[in-house]
Amino acid sequence: MYTVLKVARLPDMLSEGLHARYEVLECSESGSELDASKARGIRALVANGESRVRADLIGRLPDLQVIVVFGVGYDGIDVAAARARGIVVTHTPDVLTDDVADFAITLMLGTARRIAKADQFVRSGQWQQGPFGFTRKVSGARLGIVGLGRIGMAIARRAAAFDMRISYHGRRPLAVDYPYYASLTELAAAVDFLVIAVGGGESTRHLVDAKVLAALGSEGILINVGRGSVVDEAALASALAQGRLLGAGLDVFEDEPRPHPGLLALDNVLLAPHMASATWDTRRAMSDLTLANLAAHFSGAAYPTPIPD
Ligand code: A2R
């Protein structure tokens, strides 16, 4: 039986699948408790989308050949260190696209229509003192998508059903009919809703900063289903607190599971615990794809979903 090293919390359905097929060793992300004799012979490591797999852990595993990520984002993996050793990294794209796009729409509607506040309003009996305030219309509004990839495109398809006027920002224009903005600040100034669907890593860190938030403006709403690191969360909390931004709907945060404390006190932000892809169907599909990538490694078959070059 092959041994795999697990460095992340994984759903039971995947852990059970791993235990049924492999000997499973567990260790922390630092790997400091892993002695050299145990480390030897480990060819596969299983992580999740939030895991940090750094060069020092990779360095402790002399026989490592594959890092299998349960998730589409792999910005926590030191891909350069892995590639330098010829180690393959795989992830789980596509199978979660629908759920994440659904959740972006959920956050957009929920934030604009102030659904969490409305629920509280009814429960607390405030309704008996008078009606709830008016909220912001979504249908027909202008939507800017940051990162028109698999998830971004799926958000655009859904938003089209709401007659939203879609435009986007990315590193380059794509062969689509939506207007392209090379400048994110200019896109933010031109839309009502800005939805983040890019991944993390150095190239997208604080892409949404105070300047972009100022351009989105006091009638604008920010939605983030990409990565927390893309948004300057302190700048966001301050813009929301001072009414320089109308609202935000966030599924991801810079330091999960600890959102910026300034956000917690505000009622114009809708907060979710990084749950966009967490449905039974999708987590099953992600688990199956993770196991398929591992199986491919041990059988010598082509990997179903290696990360792009
Ligand atoms: O530039 P491209 O053609 O690689 O466009 C990608 C875009 N993107 C960026 N846009 C602006 N500035 C950047 N520095 C930058 N880096 C990448 O983000 C592409 O359009 C999009 C990512 O799309 P996909 O690679 O198809 O990923 P998917 O499956 O949509 O997932 C996106 C992220 C994940 O990495 C997780 O962090 C999260 O959503 O769940």
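If you check V191, V195, which single one turns out to be touching a residue at least 60 places away in the same chain (Cβ under 8 Å) and under 23 Å from V100 (Cα atoms)?
V195
Would you confirm whether any residue within the range 82-95 is basic (K, R) and open to solvent by less than 70 Å² (accessible area, probe 1.4 Å)?
No, because not a single residue in the range 82-95 is basic (K, R) and open to solvent by less than 70 Å² (accessible area, probe 1.4 Å).
Which pairs do you get when a residue that is among the charged types (D, E, K, R), found in the range 84-100, comes within reach of a residue that is within 9 Å of the ligand (Cβ to nearest atom), reach meaning Cβ atoms under 7 angstrom, with the pair 6+ apart or on two chains?
So the pair list comes out as D94/R150; D98/A154; D99/A276; D99/S277.
Any idea which of G201, G144 is modelled with pLDDT of 95 or more and either surrounded by 19 or more Cβ atoms within 10 Å (Cβ to Cβ) or in contact with a Gly (Cβ under 6 Å, 6 or more places away or on another chain) (or both)?
One residue alone meets the criteria, G144.
Where residues in the range 204-214 are farther than 22 Å from A154 by Cβ and either open to solvent by 20 Å² or more (accessible area, probe 1.4 Å) or outside any helix (DSSP H, G or I) (or both), which of them is nearest to the ligand (Cβ to nearest atom)?
It comes out as R205.
Among the numbered criteria (1) open to solvent by less than 10 Å² (accessible area, probe 1.4 Å); (2) touching a helix residue (DSSP H, G or I) at 6+ places or on another chain (Cβ under 7 Å), which single criterion is violated by E254?
Of everything listed in (1) open to solvent by less than 10 Å² (accessible area, probe 1.4 Å); (2) touching a helix residue (DSSP H, G or I) at 6+ places or on another chain (Cβ under 7 Å), E254 misses just condition (1).
Which helices (runs of 4 or more DSSP H) sit wholly inside the range 104-200 and have at least 2 residues that are charged (D, E, K, R) and more than 16 Å from the ligand (Cβ to nearest atom)? It would help to see each step written out before you state the result.
Working: elements: 115-123, 150-160, 184-190.
Fully inside the range 104-200 and qualifying: 115-123.
Say whether the condition of being closer than 21 Å to S51 by Cα and open to solvent by less than 50 Å² (accessible area, probe 1.4 Å) is met by at least one residue in the range 109-126.
Taking every residue of the range 109-126 in turn, none turns out to be closer than 21 Å to S51 by Cα and open to solvent by less than 50 Å² (accessible area, probe 1.4 Å).
Identify the residue in the range 74-88 that is within 13 Å of the ligand (Cβ to nearest atom) and not in a helix (DSSP H, G or I) and, among all such residues, is nearest to D63 (Cα to Cα).
Out of the qualifying residues, it is I77.
How many residues are more than 16 Å from the ligand (Cβ to nearest atom) and in contact with a Lys or Arg (Cβ under 9 Å, 6 or more places away or on another chain) if we restrict to the range 60-73?
6
Can you tell me how many residues within the range 261-290 are open to solvent by less than 20 Å² (accessible area, probe 1.4 Å) and under 22 Å from E23 (Cβ atoms)?
2
Going by the conditions given, is L222 part of a helix (DSSP H, G or I), closer than 18 Å to V269 by Cα and open to solvent by less than 40 Å² (accessible area, probe 1.4 Å)? Give the derivation first.
Values: part of a helix (DSSP H, G or I): no; closer than 18 Å to V269 by Cα: yes; open to solvent by less than 40 Å² (accessible area, probe 1.4 Å): yes.
Judged against the criteria, L222 is not a match.
If I ask for residues that are closer than 19 Å to G71 by Cβ and in a loop (DSSP other than H, G, I, E, B), which ones from the range 293-308 would you list?
Y303, P304, T305, I307, P308
Take I115 and tell me if it is β-branched (V, I, T), touching a residue at least 12 places away in the same chain (Cβ under 8 Å) and closer than 24 Å to L207 by Cβ.
Here the answer is no, as I115 does not meet what is asked.
Would you point out the residue of the range 89-100, among those that are near the ligand (Cβ under 9 Å from one of its atoms) and of a type in the set (A, V, I, L, M), that is nearest to Y303 (Cα to Cα)?
It comes out as L96.
Within the set of pairs 6+ apart or on separate chains, which have a first residue in the range 280-309 that is over 19 Å from L96 (Cβ atoms), a second that is outside any loop (DSSP other than H, G, I, E, B), and C-beta atoms under 8 Å apart?
If the second residue must be outside any loop (DSSP other than H, G, I, E, B), the pairs left are A295/R21; H297/A44; H297/V66; H297/V68; H297/V88; F298/A44; A301/A295; A302/A296.
Suppose the filter is over 14 Å from A104 (Cα atoms), touching a residue at least 40 places away in the same chain (Cβ under 8 Å) and either touching a Phe, Trp or Tyr at 6+ places or on another chain (Cβ under 6 Å) or open to solvent by 50 Å² or more (accessible area, probe 1.4 Å) (or both); does E186 pass it?
Judged against the criteria, E186 is not a match.
The values are calculated or read from the model by the stated rules, or taken from the named source; none is laboratory data. Predicted, not measured: the structure shown is a model, and the values here were computed from it. Using ideal geometry, Cβ is built from the backbone for each residue, glycine included, and neighbour counts are taken over all protein chains shown. Areas reflect the complete protein model, heavy atoms only, side chains present, ligands, DNA and RNA absent. Shrake-Rupley method; radii C 1.70, N 1.55, O 1.52, S 1.80 Å.
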